[in-house]
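Peer 1: Below: one structure in structure tokens.
Just so it is clear, none of the values below were taken in a lab; they were calculated from the coordinates. Computed from a predicted model, the values in this text were never measured in an experiment. Glycine gets a Cβ as well: all are built from the backbone with ideal geometry, and neighbour counts include every protein chain shown.
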Amino acid sequence: MAPHPIGILGGTFDPIHYGHLRPALELLETLELAEVRFVPCRIPAHREAPSVTAEQRLALARLAMAGQSGFVADDRELRREGPSYMFDTLASLREDFGSDTPLCLIVGADAFRDLPTWHRWRELTQLAHIVAMQRPGVSQPLPPVLEEFVAPRRVCDPLALRQGPAGSVLFQLVTQLDISATRIRALLARGQSPRYLLPDAVLAAIRDRALYRPLPVKTPVPA
């Protein structure tokens, strides 16, 4: 049997929060992953630029996972020029880990439904398995083009991810917390506390480094 798989979780992590960390921990344990590599993107290909630098987001991610065995902050997208395409990241990881180690690209349910918009999306399973996180009690039909892609690759047993280095799609239930980076940034912009939505060490660093600053109060113009 192949080695334990490597999990790959990409994103802006703007900032990282428990909605990222808790599902990743569950997958680490449930799928018996060797590790989960958090890969902050430098230049997102599918959304506007983050409000803080990639280096700052990476530093916050490292603080968030300090002391958690099996979590790794991976800076490879920060070292690459141009838009951060997951295909390129997986190709780089495949070079690092060799042809036999299973790689598992971890994506949320919404991101998975948008997979056909990704760069070279049909080739992703040539480099890795895909683990699509599912919310308990929530089931939505896939777009026809994606359903056709998934059908011959779908597996139900996590052990199937260890049978080969790439090529399968697994839908896995996880605890998905109703937390978003957008909400956290909005709270910080209003000068309100996002405590308990993200690790205390991350919140302390955000405050110490004056990240996601409150919006300036506009002074009324005299009539």
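Peer 1: At a threshold of 8 angstrom on Cα-Cα distance, excluding pairs fewer than six apart, so keeping six or more, what relative contact order does the range 6-178 reach in percent?
Peer 2: Working: 276 pairs, mean separation 41.9, N = 173.
Reported relative contact order: 24 percent.
Peer 1: Can you show me the helix-derived [θ] at 222 nm for the chain, built from DSSP H runs with n ≥ 4 at -39,500 (n - 2.57) apiece and divided by the number of residues, rounded to the nearest 500. Working shown, then result.
Peer 2: Working: 8 runs with 70 residues, N = 223.
It comes out at -9000 deg cm²/dmol, rounded to the nearest 500.
Peer 1: Let me ask something additional. Go through 143-156, 66-79, 18-31 and give me the packing order, highest mean Cβ count within 10 Å leading. Display every interim value, and only then the final one.
Peer 2: On the way: 143-156: 12.9, 66-79: 15.1, 18-31: 18.8.
Listed from highest to lowest mean packing, they are 18-31, 66-79, 143-156.
Peer 1: Comparing ALA61, ALA205, ALA166, which has the greatest mean-square fluctuation in the GNM of the chain with Cα pairs linked when under 10 Å apart?
Peer 2: Result: ALA205 has the largest fluctuation of those listed.
Peer 1: If packing is taken as the average number of other Cβ atoms within 10 Å across a peptide's residues, how do 177-185, 130-138 rank, most packed first? Intermediate results must be reported in sequence, preceding the final value.
Peer 2: Values: 177-185: 15.4, 130-138: 17.0.
In descending order of packing, they fall as 130-138, 177-185.
Peer 1: If Lys and Arg each add +1 and Asp and Glu each add -1, what is the summed charge of the other residues whose beta carbon sits under 14 Å from the beta carbon of ARG183?
Peer 2: Details: positive: ARG185, ARG190, ARG195; negative: ASP14, ASP178.
Value of the local net charge: +1.
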